[in-house]
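Here is the structure we will look at.
Since every read-out is calculated from the coordinates, none of them should be taken as a lab result. As the structure is a prediction and not an experimental result, all values here were calculated from the model. Cβ coordinates were reconstructed from backbone atoms using ideal geometry, including for glycine residues, and neighbour counts include every protein chain displayed.
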Amino acid sequence: MRYISTRGGIEPVAFREALMMGLARDGGLILPERYPDVSGRLAAWRGLSYAELAFEIMRLYATDIPEAELRRMVGEAYATFDHPEVTPVRKVGDLYILELFHGPTLAFKDVALQMLGRLFEYQLEAEGGELNIVAATSGDTGSAAIHGVRGRKRQRIFVMHPAGKVSPVQEMQMTSVTDDNVFNLAVSGTFDDCQDIVKTLFRDLAFRDAHRLGAVNSINWARVMAQVTYYFYAAFRVQEATGCATVNFTVPTGNFGDIFAGYVAVRMGLPVSKLLLATNENDILARFFQSGEYALGKVHQSLSPSMDIQIASNFERYLYHRSGDDAALLTQWMETFAKDGKLTIPHNDALFEGGRGDTAMTLAAIKDTYERHGYLLDPHTAVGVSVAQTRRDTNIPMICLATAHPAKFPDAIAAATGQAGLATHPSIEALRDKPRRCAPIPASAQHVADYLRCHVHY
Ligand SMILES: *Cc1c(COP(=O)(O)O)cnc(C)c1O
């Protein structure tokens with residue numbers, strides 16, 4: 001399998017090069033040249049364990065990694081999860097909840113980032129050298145990336161979060177990791193500022209090459225690849241439970257990475273009739289799928305901070321396909337959007353639907369699901385559930401992605417239910433007395449570049 005850029009400016013590369021490149025060198029996003037059609041293998045894949053299924057899917061994309069190595073990494077990555085099914089599906093009322101939070105940091109990002117740290121280490125051991133990972137986080141990517149990379153050979157990680165704008169538990173999960181190869185930066189700005197700094201550093205090709213920058217944000221194709229697995233896994237489980245041939249998914253969305261993995265699963269031949277994209281008040285993507293207009297708004301702080309995003313970096317991947325895989329047209333669209341903050345594309349993709357779950361709906365979904373079913377939703381998952389409840393097509397089972405464990409967001413749970421202390425998890429309690437390490441920094445790529453230069457020793 002070879003990989004191209006949405007902007008059309010790189011020669012096709014193999015998986016391992018795409019992995020290390022992160023953001024394409026022409027500023028675009030990396031995509032496989034084609035999606036393998038697996039519709040003929042679905043019956044055979046149904047009986048596989050999560051790790052076996054992940055291996056079958058990733059070997060189609062990571063074709064330049066020896067299969068024994070890939071199998072080893074997949075096995076190790078998913079052994080860190082505390083559930084034998086890795087991503088189990090639970091029936092809660094009329095909905096199926098796909099629990100993606102059984103990894104070390106209790107958010108779905110562990111599914112990809114436990115894999116990514118191992119893929120980087122494999123590649124660096126093979127070719128030598130070191131990698132400096134630069135990441136922006138709205139909360140969960142940072143801790144998942146840090147836990148994927150901590151203590152690993154030949155890698156350092158610099159994680160920027162918007163100061164004071166991530167939840168206290170998220171902040172604690174990041175800053176309590178004091179391994180020598182982990183650096184936390186609290187940026188005085190928004191998540192979009194942090195993400196912009198990452199992109200600026202990657203576009204500075206001289207700096208990028210001098211310090212061998214690596215990306216763990218979902219701009220890295222390997223993350224999307226790893227997330228494809230659970231769409232297949234969940235669809236199989238729900239098809240078995242219901243006898244239905246097709247399923248729907250609701251995906252709480254920020255950067256469009258998770259739902260793009262669902263789109264890839266569909267392109268590979270998984271029978272899905274709808275991907276319902278759920279946003280909080282930062283509803284640029286929900287509006288796009290309702291009206292075809294992609295128009296920038298202001299960032300609002302919400303109860304679901306990992307979705308407080310206006311510029312969704314993975315959306316470029318989707319728009320590339322909407323352009324008819326036309327890199328010149330896509331580049332023109334992205335330039336229009338950068339200039340005007342707005343882009344209109346006639347809406348004609350029946351696979352997607354968009355919906356917005358505001359704060360009141362989120363709180364009501366948490367309270368109602370707890371009172372009626374004794375099940376606690378984290379606020380991100382609750383955004384999805386609240387949107388799913390407004391438009392359920394009762395003939396087709398709806399699978400809602402549960403993207404984080406409720407114990408990561410105890411304040412939202414307490415606000416919704418009126419009870420404190422309902423949402424706990426031993427791995428969070430264990431962090432409370434640990435030492436913390438974090439450096440404050442202005443929202444400027446120059447300051448972050450200087451900080452990195454001061455903290456690398458080759
Ligand atoms: C990152 C995150 C999301 C958004 O996922 P994207 O891939 O950015 O769309 C939703 N919920 C939680 C808990 C997250 O950590």
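Report the FRET efficiency, 1/(1 + (r/R0)^6), for Leu42 and Glu85, where r is their Cβ-Cβ distance and R0 is 22 Å, rounded to 0.05.
Result of the calculation: an efficiency of 0.75.
Kindly flag which residue pairs out of Lys109/Lys434; Lys199/Lys274; Lys199/Lys434; Lys199/Lys298; Lys109/Lys408 have an alpha-carbon separation exceeding 25 Å in this structure. Working shown, then result.
Details: Lys109/Lys434 23 Å; Lys199/Lys274 32 Å; Lys199/Lys434 32 Å; Lys199/Lys298 20 Å; Lys109/Lys408 13 Å.
Result: Lys199/Lys274; Lys199/Lys434 exceed 25 Å.
Give the aspartates and glutamates whose C-alpha is closer than 17 Å to that of Lys153, dropping any in the same chain fewer than 8 places away, or say none.
Partners found: Glu69, Glu76, Glu121, Glu125, Glu127, Glu130, Asp179, Asp180.
Work out from phi, with θ = phi - 60° and the Karplus expression 6.51 cos²θ - 1.76 cosθ + 1.60, the ³J(HN,Hα) of each residue of segment 79-91, listed in order in whole Hz, and give x for Gly and Pro.
Couplings: 6, 7, 7, 9, 10, x, 8, 6, 10, x, 10, 10, 8 Hz.
For segment 178-210, list residues with backbone N below 15 Å from a point placed 7 Å from the Cα of His455 toward its Cβ?
178-188, 198
How large is the helix-only mean residue ellipticity at 222 nm for the chain, computed as the sum of -39500 (n - 2.57) over DSSP H runs with n ≥ 4, divided by its residue count, in deg cm²/dmol to the nearest 500?
Numbers: 19 runs with 205 residues, N = 458.
That calculation yields -13500 deg cm²/dmol at 222 nm.
Output ³J(HN,Hα) for segment 122-129: one whole-Hz value per residue in order, computed from phi by the Karplus curve 6.51 cos²θ - 1.76 cosθ + 1.60 with θ = phi - 60°, and x for Gly and Pro.
3J(HN,Hα) across segment 122-129, in whole Hz: 4, 5, 5, 5, 6, 10, x, x.
How large is the translational diffusion coefficient of segment 265-377 in µm² per second when you combine the Kirkwood radius over alpha carbon pairs with Stokes-Einstein at 25 °C and 0.890 mPa s?
So the translational diffusion coefficient is about 155 µm²/s.
Going 7 Å from the Cα of Asn395 along its beta-carbon direction, which residues of segment 244-270 have the amide nitrogen within less than 17 Å of the resulting point?
From segment 244-270, the list is 244-249.
Which order, highest average first, do 109-122, 256-269 follow once you tally other Cβ atoms within 10 Å for each residue and take the mean per peptide?
Values: 109-122: 25.1, 256-269: 22.8.
Top to bottom by mean Cβ count within 10 Å: 109-122, 256-269.
Taking the mean number of other Cβ atoms within 10 Å as a proxy for protection, how do you rank 359-367, 177-185 from highest to lowest? All intermediate terms of the calculation are to be shown ahead of the outcome.
Numbers: 359-367: 20.3, 177-185: 18.7.
Final packing ranking: 359-367, 177-185.
Can you run phi through the Karplus equation (6.51, -1.76, 1.60; θ = phi - 60°) for segment 219-227 and list ³J(HN,Hα) in whole Hz, with x for Gly and Pro?
5, 7, 4, 4, 5, 4, 3, 5, 7
Show me the ranking of peptides 303-314, 150-161, 283-294, 371-382 by mean Cβ neighbours inside 10 Å, starting with the highest.
On the way: 303-314: 24.4, 150-161: 20.2, 283-294: 18.7, 371-382: 22.4.
Packing proxy ranking, top to bottom: 303-314, 371-382, 150-161, 283-294.
Return, for the Cα atoms of segment 84-135, the radius of gyration and Dmax in Å, separated by a comma.
Reported Rg and Dmax, both Å: 15.9, 52.
Which whole-number percentage describes the relative contact order of the chain, with Cα contacts under 8 Å and a sequence gap of 6 or more?
Details: 906 pairs, mean separation 85.0, N = 458.
Reported relative contact order: 19 percent.
List every residue whose amide H lies under 5 Å from the amide H of Lys91, counting only residues 5 or more places away in sequence or on a different chain, with H placed 1.01 Å from N in the peptide plane.
Amide H neighbours of Lys91: Ile97.
Give me the distance in nm between label points sitting 7 Å out from Cα along the Cα-to-Cβ direction at Asn348 and Ser273, one decimal.
2.3 nm
Test of understanding: extend the Cα→C-beta vector of Arg287 to 7 Å, then name every residue of segment 331-348 with backbone N under 15 Å from that spot.
Residues passing the 15 Å test: 337-338, 340-345.
Binning at 10 Å from 0, report for the chain what percent of all alpha-carbon pair distances ends up in each bin.
Taking all Cα pairs of the chain, the binned fractions are 4, 22, 34, 28, 10, 1 percent.
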